[in-house]
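What follows is one structure encoded as structure tokens, with my remarks underneath.
Please treat every number below as a calculation from the coordinates, not as lab data. The model shown is predicted, which means the values in this text are computed figures rather than measured ones. All Cβ positions, even for glycine, are placed from backbone atoms using ideal geometry, and neighbour counts span all protein chains on display.
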Amino acid sequence: MAVRDQALREALGTLQAIGRFNGESRDINTRVAKHGQAYYIDMCEPGNSRAIEVNPGAWRIVDTPPVLFVRSESAQPLPTPIHGGNLGLLWQTANIPDGLRVMVVAWLIDAMRLDTPYPGLELIGEQGSGKSTAAEALRRMLDPSSCNLRGAPKTVEDIFVCAKQNHVVAYENISHLAGPMQDALAILSTGGGYSKRQLFTDSDESIITVRRPWLVNGISISVTQQDLVDRVISIECPVIETRQSSSSQWQKFDADLPQILGGLLDTAAKAFEILPTMSLPPADRPRLVEFVLLGMAVTNSAGQDPDSFVTKFKELRSETIGRTLDASPVASAVIEFLECNPHGVEAGVKDILHRLEHHKPLGAEAWPRSAKGLGDALRRAAPALRQLGIECRRMGKSHGNINWLIRQKTQPESKSPMSPSPPNSDESDYFSEKTGDLGTSGTCTPAVFLNDFTVVRL
């Protein structure tokens, strides 16, 4: 006999009141939690509370974890992972370049943690490069859902509602992200909240506070704001030359997933054990320092020099910054201006706007129309320009005008203490599909680092 709707509501209300006023207050988690030194991943199996417990040096499956999880209706179960698995099988589905696979593995392991900021992952590439397939495979390894990849969000609220219900926020086929959307993703990386007036009330608020790993994919670069660029790992997927049947590809992925997940957990346990021994000099600490230290530990767990991860990260950051500067007409104009005026300029912002207009890129629709607009654009572009060796800063007021300084930095070039791996190193052997690991390759082109992240190829 079914319970009457009114009786069910009264029972739930009574239980909520008992829990609120007489029960112990405990945190609830979505898919991932932490207790002591261990991280827990909810397997979301119907009818039980089994979770994966990842400790430094080892992992296991526990029937009753010491943490509480909440499951959304879209959450799907994880398969039972296998000890001694084969992470290299992942690359048969996820089309990631060999040299950047360690970045993706570090991103996956970082997504298991709750106590650090999350970098975003951007997969770009032309049609036929398997971006969506790779993104879905990565999502299904940690937080499978009945809707693994979503279309472009229409509002900032959409992003936060999705983040509340899911641990991994994933969007596909993104061609453009408006400024407020990029600001929202930056908040997801570091943690923050979103509030709006609660429906049917005048004074109550509905608040969502989250911190989540996220990924996007698309043909063109969608992450262009410098604040978000500092928090993203951007990877370009190569074109697939030999195609497979989609149905057979996913059947094989589902069959291999227990081994893939087991290999990832093996790598994570080793990396967490090594992580406390990793360190970076203050001058080499990027904004994503927690992610870089974890990546160094992942690399070290494979028996390789952890500095090679730092080198890869710096090269990738330099390429990402170069691509995003191309999306800023003001930054492009500043670079071209300094090519014609190597001594730079220190003048009022109105004067600088007039000078830069001579170097305005063709078809630039987002060109500032006022001195204030130029000041805002320079302020946004300054961090990226600084990493290209260009100083761009506000000097204060003089005779009622706001002055800015734009010039090449004058400090001497210096090589980074972390140099790239030699072309004939054994780095291509670790994490490969043959050995069941990540499948990365060495850096063959030597580079000189002019500052924290600027790379000049020789």
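Each listed q (0.06, 0.09, 0.10 Å⁻¹) maps to a log10 I(q)/I(0) for the chain from the Debye sum over equal C-alpha point scatterers, namely -0.31, -0.67, -0.81. As a proxy for reagent exposure, ranking His83, His343 by other Cβ atoms within 10 Å from fewest up yields His343, His83.
Coupling constants for region 327-339 follow from the phi torsions by the Karplus curve (6.51 cos²θ - 1.76 cosθ + 1.60, θ = phi - 60°), and in residue order they are 7, 9, x, 5, 4, 4, 5, 5, 4, 5, 4, 6, 5 Hz; glycine and proline get x. With 0.36 nm allotted per residue and the present C-alpha distance subtracted, the Glu24-Asp183 stretch has 53.6 nm of extension available. Of all segments of the chain bounded by GluC sites (Glu not before Pro) found in a DSSP loop with no more than 13 other C-beta atoms within 10 Å, the longest spans 242-364.
For Leu121, the amide hydrogen comes within under 5 Å of the amide hydrogens of Trp214, Leu215, Val216, Ile233, counting only partners 5 or more places away or on other chains and with H modelled in the peptide plane. Past 22 Å, Cα to Cα: identify those pairs from Lys270/Lys314; Lys34/Lys196; Lys131/Lys252; Lys34/Lys252; Lys34/Lys131; Lys34/Lys154, in the order given. Beyond 22 Å: Lys270/Lys314; Lys34/Lys196; Lys34/Lys252; Lys34/Lys131; Lys34/Lys154. Legend: ranking of residues Ile260, Ile335, Ile174 from fewest to most surrounding C-beta atoms inside 10 Å; resulting order Ile335, Ile174, Ile260. Rounded, prolate or oblate: pick one for region 87-301, where a ≥ b ≥ c are the square roots of the eigenvalues of its C-alpha gyration tensor, a/c under 1.5 means rounded, and failing that, prolate if a/b is larger than b/c, else oblate. Because a/c hits 1.5 or more and a/b fails to exceed b/c, region 87-301 counts as oblate.
Loop-located chymotrypsin sites (Phe, Trp or Tyr not before Pro) across region 157-244 with a Cβ neighbour count of 16 or fewer within 10 Å are Phe200, with loop assigned by DSSP. Counting only DSSP beta bridges whose two residues both lie in the chain, roughly 70 percent are antiparallel.
Amide H to amide H distances under 5 Å link Arg50 with Glu45, where only residues 5 or more positions off or on other chains count and H is placed in the peptide plane.
Taking a straight Cα-Cα cut-off under 19 Å and skipping sequence neighbours fewer than 8 places away in the same chain, the aspartates and glutamates within cross-link reach of Lys409 are Asp284, Glu336, Glu339, Glu346, Glu391, Asp452. Of all aspartates and glutamates in the structure, the ones whose alpha carbon falls short of 15 Å from that of Lys164, not counting any fewer than 8 places away in one chain, are Asp27, Glu73, Asp143. From helices alone, the chain scores -11500 deg cm²/dmol at 222 nm; the rule is -39500 (n - 2.57) for each run of n ≥ 4 DSSP H residues, then divide by the residue total.
Under 18 Å of direct C-alpha separation, and excluding same-chain neighbours fewer than eight residues apart, Lys372 reaches these lysines: Lys350, Lys360, Lys397.
Here the Karplus relation 6.51 cos²θ - 1.76 cosθ + 1.60, evaluated at θ = phi - 60°, turns the backbone of region 46-60 into coupling constants of x, x, 8, 10, 4, 9, 8, 9, 10, 10, x, x, 7, 9, 7 Hz, with x for every Gly and Pro.
Each of Arg394 and Arg9 was given a label point 7 Å from its Cα along the Cα-to-Cβ line. The distance between the two points is 5.4 nm.
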